[in-house]
Amino acid sequence: MPPREPIDVPSFAATQIALLDQELQSEIQETSSLIANHSPTGLQRAGLAITNLTTSSQRTGLGGKTVLELGPDGATSSTGELPEHGIRTGDIVLVAEQPAGSAKKREVKELERKGARGVVTRVQRAAVSVALDEGRDEVSFSGRVWMVKLADEVTYRRMNQTMEKLQKMGEAEYSSFIRVLFGLSSPSPVPKDLAASDEVGNIEWIDPTLNDSQKDAIRFALASREVALIHGPPGTGKTHTLIELILQMIKRDQRILVCGPSNISVDNIVERLAPHKVPILRLGHPARLLPSVLNHSLDVLTQTSEAGAIVKDVRAEMDAKQASIKKTKSGKERKAIYADLKELRKEYRERERRCVSNLVGGSKVVLATLHGAGGYQLRNEEFDVVIIDEASQALEAQCWVPLLSAKKAVCAGDHLQLPPTIKSLNSKVKATSKGADGDAAAPVIKGMTLETTLFDRLLALHGPSIKRMLTIQYRMHEKIMRFPSDELYDSRLTAADAVKARLLKDLDYDVESNEDTTEPVIFIDTQGGDFPERNEDDDKENPKRGSLHGESKSNEMEAALVRLHVKQLVAAGVRPEDIAVVTPYNAQLAALASLKEKFPGIELGSVDGFQGREKEAVIVSLVRSNPDGEVGFLGEKRRLNVAMTRPKRSLTVIGDSETVKKGSKFLKKWMEFLEEHADLRYPDVAEVNRE
Ligand SMILES: Nc1ncnc2c1ncn2[C@@H]1O[C@H](COP(=O)(O)OP(=O)(O)OP(=O)(O)O)[C@@H](O)[C@H]1O
């Protein structure tokens, strides 16, 4: 439970620094052990690497960095496309010559010495681009190369710097905003009856369809002086509400910084703001932004504006120089070119900086990821309000990157869905002996974990009076919503009229009306021991190897049931792209992989990965089935909440009620709810065996 009392700020920062360090160490350790113990192909299968690549080009990218473009090696790829992989833009990777499949232990350090580190800036079907770290002007590889994902130390460094700043701040420097966020002062009161208040009572709504809970949340956020939380349960129009809030703030001539933990969360807002024709500026590398958002990107604006033309000239000159290196054999000449490049790079940065600072300084609405808000572009910029979307999915230290310069914060999120993933969960915070400057550090706060988000902490600290909840959901059939609403949201959710009764048979294409398409909640109960789970610590001979699926579980018989149900839905006319299968276990996803070949378009995902998404029909495979009632991962309410709130028209749960019931009170209630209210089915073992 996060503390309800005021927090000593230096202690808070010291604890965060210690926890972040432990987290980074866990991540580095995990990566090293995976790289050391698995073949490149194995790592690729686990989504951590791409193998069999060749360099297709090398050019100058943003900030004068060298960008490598890599494509599939013609000798191994018949399609010209990259193999399936899990590398995303923004990942930190190492590009190196590919070791032979049989090569023994690979140490990361050794790989780093031979290869080059960088950030993935673009992922396409047939190519992936990497901006190399500073200092790497040129790389040349002979033969095939591969890239492997590394721990993201850059993000940690930024969070660390932010916490160090907070730690060093003298109490006299604390703004009233900071005082409230740590409980040293109470939030300024807002009028009780907001709708009747002079300040925000009479709002001219831009979107007339907003519901009352959304309007109330907007009034509350406008009236709050220091902080407001907007609690948006699944499908309740959190982003919809934020758009109106931003537009209302613009009307009031406020300068706003809008952030989210991921690029996609930020782009989602840019896309929805764009039709309102308000001037907005999106920070972030263009390669990481949605194409529809590019018009607002700082980078593109830098290039299209007048000042940008001069910047462009230098860039062209740099590219020409870089190309000439290849043609030069003489070492002396090469050296001279490198010296020129260095000068040009400096000039380029200076010009770019000036151009950027003019553009940013003139913008009233700036959007960036939490991490991106810590870039040089926003140094010394001030905002009236910082808005954070998906705040319950971000580490608190990450939120402080933009918050350190804020006067007020509005955080939107749902603390009853999953928090950010933490790797060092079980390690206790160790007392730090040194502060940022080597002085004795503030004592750490025992019991604090990275899993506690800013959203959780503020709720515990100031109570529900700093939050407003959105209560009408626009996603799920009423029956799908019932259990999560009753158990997690105080029965306060209502299904909007447009969605509360819609079924698969009512889809706007031809779907047969049968028992699978007219029932919103189906429970296929596998109790009885015929559907046992399987342990996936895949390498029993060498348990230290580090499993690629973590300590995962699978359930082959249950996977067969999933396949049968998908077949039935598709036979009734439901399109595979309207169906998703989600499960908490990666090993179960692997067991279900053949579904994708049979039904292209269907989505398979882990519960954690599916947060924020929705589908017409969702099948949830619970996997756990054992005599001891061990439920592991399933014990986490927030994970189950995410799993059961993804579907719009049809939720099918497949699991062993006997095992699952023993897991927790919440699970017991859920199983009882399903037994009573769902269309309850018991599978025919013989039929499943034939599958
Ligand atoms: N007042 C409203 N009237 C009609 N439809 C609405 C309203 N508010 C939101 N919606 C619809 O509800 C859906 C969900 O909205 P939005 O994407 O803003 O939700 P969210 O809460 O951000 O989503 P998530 O649950 O994934 O966090 C959208 O299709 C949106 O158009």
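Structure data summary
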read-out	value
Label-point separation in nm, Glu134 to Ala593, each point 7 Å along Cα→Cβ	4.1
Computed accessible area, Ser140, all protein chains, 1.4 angstrom probe, square angstrom	100
Probe 1.4 Å, protein heavy atoms only - accessible area per residue of region 180-253 in square angstrom	41
Karplus-derived HN-Hα couplings along region 11-21 (A = 6.51, B = -1.76, C = 1.60, θ = phi - 60°), whole Hz, x at Gly and Pro	5, 4, 5, 4, 5, 4, 4, 5, 5, 5, 5
The chain - percent relative contact order, Cα under 8 Å, separation 6 or more	14
List Met476, Met169, ordered by accessible area with a 1.4 Å probe, largest first	Met169, Met476
Residue-span extension gain [Arg575 to Ile337] - 0.36 nm each, minus C-alpha spacing	79.9 nm
Where a label projected 7 Å from the Cα of Gln527 along Cα→Cβ would reach, residues of region 597-637 with amide N under 20 Å	620-632, 634-635
Chain lengthening between Ser176 and Ile422 when straightened (0.36 nm per residue, less Cα-Cα)	85.5 nm
Share of carbon and sulfur in the accessible heavy-atom surface of region 451-536 [1.4 Å probe, %]	41
Tail fraction, Cα-Cα pairs, region 467-510, threshold 15 Å, whole percent	44
Where region 314-363 is the region considered: accessible area per residue in Å², 1.4 Å probe	66
Equivalent-ellipsoid semi-axes of the chain, from the Cα gyration tensor, Å, largest first	40, 36, 26
Inter-label distance, nm, simple model (7 Å from Cα along the C-beta direction), Asp73/Asp319	2.9
Probe 1.4 Å - accessible area at Arg379, Å² to nearest ten	150
Mean residue ellipticity (222 nm) of the chain, computed from DSSP H runs ≥ 4 via -39,500 (n - 2.57), nearest 500	-11000 deg cm²/dmol
Those residues of region 617-651 whose amide nitrogen sits under 14 Å from the label point placed on Lys668, 7 Å along Cα→Cβ	629
Listed residue pairs exceeding 25 Å between alpha carbons, taken from Lys215/Lys408; Lys277/Lys364; Lys567/Lys615; Lys342/Lys364; Lys567/Lys668; Lys65/Lys321	Lys342/Lys364; Lys567/Lys668
log₁₀ of I(q)/I(0) at q = 0.10 Å⁻¹ - region 305-430, Debye sum with one point per alpha carbon	-0.57
Share of carbon and sulfur in the accessible heavy-atom surface of region 26-168 [1.4 Å probe, %]	43
Protein-only accessible surface order, largest first, of Lys615, Lys567 at 1.4 Å	Lys567, Lys615
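The values are calculated or read from the model by the stated rules, or taken from the named source; none is laboratory data. If you're wondering where the values come from, they're calculated on a predicted model, not measured in any experiment. Backbone-built Cβ (ideal geometry, glycine too); neighbour counts: all protein chains shown. The area values use the complete protein model at the heavy-atom level, side chains included, leaving out ligands, DNA and RNA. Shrake-Rupley method; radii C 1.70, N 1.55, O 1.52, S 1.80 Å.
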